[in-house]
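A quick write-up on the structure given underneath.
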Amino acid sequence: METTTIESPDVKTAIASLREKAPFIYGLTNYVAANLSANVLLALGAGPAIGAAPGFTAAFPAGAGAVWINGAALMSSVTPEALEEAAATAHTAGTPWVFDPVAIGAGAGEYDEILTSLLKYKPSIIRGNASEISALAGGAGGSGVDSTLDSSEVIDTVKDLAVRLDAVVAVSGEVDYICEPSGRATSVMGGDAKMPQVTGTGCSLGALSAAYCAVVDPFTAARTAHAAFAAAGERAGTRTTGTGWFAVAFLDELSTL
Amino acid sequence: METTTIESPDVKTAIASLREKAPFIYGLTNYVAANLSANVLLALGAGPAIGAAPGFTAAFPAGAGAVWINGAALMSSVTPEALEEAAATAHTAGTPWVFDPVAIGAGAGEYDEILTSLLKYKPSIIRGNASEISALAGGAGGSGVDSTLDSSEVIDTVKDLAVRLDAVVAVSGEVDYICEPSGRATSVMGGDAKMPQVTGTGCSLGALSAAYCAVVDPFTAARTAHAAFAAAGERAGTRTTGTGWFAVAFLDELSTL
Amino acid sequence: METTTIESPDVKTAIASLREKAPFIYGLTNYVAANLSANVLLALGAGPAIGAAPGFTAAFPAGAGAVWINGAALMSSVTPEALEEAAATAHTAGTPWVFDPVAIGAGAGEYDEILTSLLKYKPSIIRGNASEISALAGGAGGSGVDSTLDSSEVIDTVKDLAVRLDAVVAVSGEVDYICEPSGRATSVMGGDAKMPQVTGTGCSLGALSAAYCAVVDPFTAARTAHAAFAAAGERAGTRTTGTGWFAVAFLDELSTL
């Protein structure tokens, strides 16, 4: 399988392009991760707006360069209807959107059904941890928002889902794997063991994948976002020991990539 | 036009007064900015409480030293009715309140109408970026939560709105401009280019403007809040290169002003 | 009264046990404190999930190692019914849960009634600041989320409540006091004057108390959480002057305890 890094030429081009074009990116996400997700997008040059105030889900997905929908947005007042409206509006307008089915398969059946119903609006990228990807494919889920599988255990599932859902599918873990419907796949290495100890890093990776969809194709977008996270995480990890300083250093490294 | 800085005598007095009196300040804001807004108020001596749990909007605006209402509070379960109750309660009780019409004019008509309807409860201060101030005056809005205008392009609009709405109106940008209904205006310079790359700084500036309303008149309050942000941003900017460390240093500088 | 520190043998055992077992902990809390609470739990080894998306409150409290319910969760779309379902599910499943009655007694009667009604589901630990503990016992409340009493003024109230509610009751302040129904009580000293200037520290202490309930008895859990906060706060305080760096250092110290 090919490998993608921050030095891959098309990744470098995508990073420069996002900073230059500074597109408006609209997201529905949960309030645990919203602040970090916005700061990650700002750090890399995008202009994020988050949330489902009255009128937002009908208007913003059409005007945005890309959209991300994090299932756990349902934990605040984002209704299933608002989530659906955002996905449908993006789909109709031709705006690429990223789907992050946080905690799917963890035991909340009603929640899982709402999330699964969004697939018909054809997300450009689906990203999750190994348990979420497994659950989306009909297998076992994880514990809360955490994975009980290693990303390497779901490589075949990632490939199958990419074909079946006609979308780029990305799984994050110690090694990330990304596959597009054509079957082309890549791995991304790097990062740091402290990354999953900072809440919202996975959710922010979904947001950043959307941002790059505004400037490049979805496969390149996913590769760029994952490579940026891997590089910034690795650099921040070498400079810090605890999770407090690591989280700050990680954002800092993203902003100076 | 006069200029206000952190060294202006009445600004210094206001900063000391907030630390001494430590008033309770109540806010309705969005969850992306809520954490930073609370930390900014705590850093400068106020005691913030945020949110619209049952009974809060009817009780807290009357007992608080000041209130801030950030329109994007509508993105969580704060209903238009709760927003209105908070504004009405503050108005009736004579509690000064600050209005921050985040993202007004960005394309969500239903949202814009709800926000505009709050003006009848007479905010003491209205603050926003240049596109939001433009939209509030009937002109063009921005892109999501970001401005597509420079603050210098709306100086006349700021002055007109201050007279028309009988409120202090403040616009933030590379240079901030603040005008009161009498026509007296001031500019505030400083800050750092990294400030708009940290989510919630504008929202937190609205919260801080409210805090100072609990101890001084609204014009002095707005000048003090903007001067504090400009000074802390400038100092933090000289010590940091990326946005991660900048955000921490900015809060740190505010707490030791 | 006995004193608990980070060096107490059973505290050291509990800290090691949480890191080893990494239990799933489910919480309902407010969005101001949610991010810090999740990061605190991750820093000490637990796997948190937060929020009330459809189906979560019926499913997660039964599968979690422990639950925490922060009353201010009502400020977002967590309905009184969802709060009750979470508490009832935990109670029925025998999952220990921590109750944090934020801002009870501060003037919002409707809110206070909802919170009080949860006591019938028998929380294992109740924690708050001095005004909240006072209000829960029928006395005067505080100002917003801040206490107007010193923790030493409510020692007898803590003891009375522990017996009356058959729960461990903990009050935080310059000195923390923790009492169990048997009458056994302990104090915890340490921390730093900057801790209450960082929003969400008290809420996160409730979350952490829940996490330790998944691995030890509630009295040991509360003592461990408070001792960890006191030690990390004290260490972070000696290394920092402003609240920005303090907040980061505090989380960092927790992660390396």
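Quick one: of the DSSP bridges fully inside segment A:121-202, what percent are antiparallel, nearest 5? Before the final figure, lay out each step's value.
Numbers: 8 of 13 bridges.
In segment A:121-202, approximately 60 percent of DSSP beta bridges are antiparallel ones.
How large is Rg over Rh for the protein assembly as shown, taking Rg from the Cα atoms and Rh as the Kirkwood inverse mean of 1/r across Cα pairs?
Here Rg/Rh amounts to 0.95.
Which of the pairs A:12/B:194; A:12/C:21; A:194/B:194 have their Cα atoms more than 29 Å apart in this structure? Present the calculation step by step, with values, prior to reporting the outcome.
Details: A:12/B:194 22 Å; A:12/C:21 41 Å; A:194/B:194 26 Å.
Over 29 Å apart, Cα to Cα: A:12/C:21.
Working out 0.36 nm times the residue gap between residue C:153 and residue C:79, then minus their Cα-Cα distance, what length gain in nm do you get to one decimal?
23.3 nm
Could you check which residue among A:184, A:223, A:127 shows the biggest mean-square fluctuation in a GNM of chain A with a 10 Å Cα cutoff?
Taking springs between Cα atoms under 10 Å, the residue moving most is A:184.
For segment B:2-255, with every protein chain kept in place, what is the accessible area per residue (1.4 Å probe, Å²)?
Solvent-accessible surface per residue comes out at 30 Å².
Between the label point of residue A:92 and that of the same position in each other copy, find the distances and list them shortest first in nm, with every label point placed 7 Å from Cα along the Cα-to-C-beta direction.
4.0, 4.0
For the pair A and B, how large is the buried accessible area, both sides, in square angstrom to the nearest 100, if the probe is 1.4 Å?
2300 Å²
What FRET efficiency would be calculated for the residue pair residue C:13, residue C:93, taking the C-beta separation as r and a Förster radius of 30 Å, to the nearest 0.05?
0.75
Quick check: at a probe of 1.4 Å, how many percent of the accessible area of segment A:2-255 sits on carbon and sulfur atoms? Let's see the in-between values first.
Details: 3940 of 7670 Å².
Ligands and nucleic acids excluded, carbon and sulfur reach 51 percent.
Name the residues of segment B:51-82, by number, that are at least 50 Å² less accessible with every protein chain in place than in the isolated chain; the surface is that of heavy atoms, probe 1.4 Å, without ligands or nucleic acids.
For segment B:51-82, once contacts with the other chains are taken into account, B:54, B:56, B:60, B:75, B:77 lose 50 Å² or more.
Among bridges DSSP assigns within chain B, what percent are antiparallel (round to 5)?
Antiparallel bridges make up about 30 percent of those DSSP assigns within chain B.
What are the radius of gyration and Dmax of segment C:57-176, computed over its Cα atoms and given in Å?
13.8, 40
If eta is 1.002 mPa s and T is 20 °C, what Stokes-Einstein diffusion coefficient results for chain C, Kirkwood Rh from Cα pairs, in µm²/s?
Roughly 122 µm²/s, to the nearest whole number.
Cross-link candidates for residue C:120: which lysines have Cα within less than 23 Å, leaving aside residues fewer than 8 places away along the same chain?
Hits, sequence-local ones excluded: C:159.
Using Cα centres only, tell me the gap between segment A:6-46 and segment C:107-184 in whole Å.
Going from one Cα centre to the other spans 44 Å.
The values are calculated or read from the model by the stated rules, or taken from the named source; none is laboratory data. Owing to the predicted nature of the structure, the values given are computational and were not obtained by experimental measurement. Please note: Cβ atoms are built from the backbone with ideal geometry, for glycine as well, and neighbour counts cover all protein chains shown. To get the accessible areas, we keep the full protein, side chains included, count just its heavy atoms, and leave off ligands, DNA and RNA. Shrake-Rupley method; radii C 1.70, N 1.55, O 1.52, S 1.80 Å.
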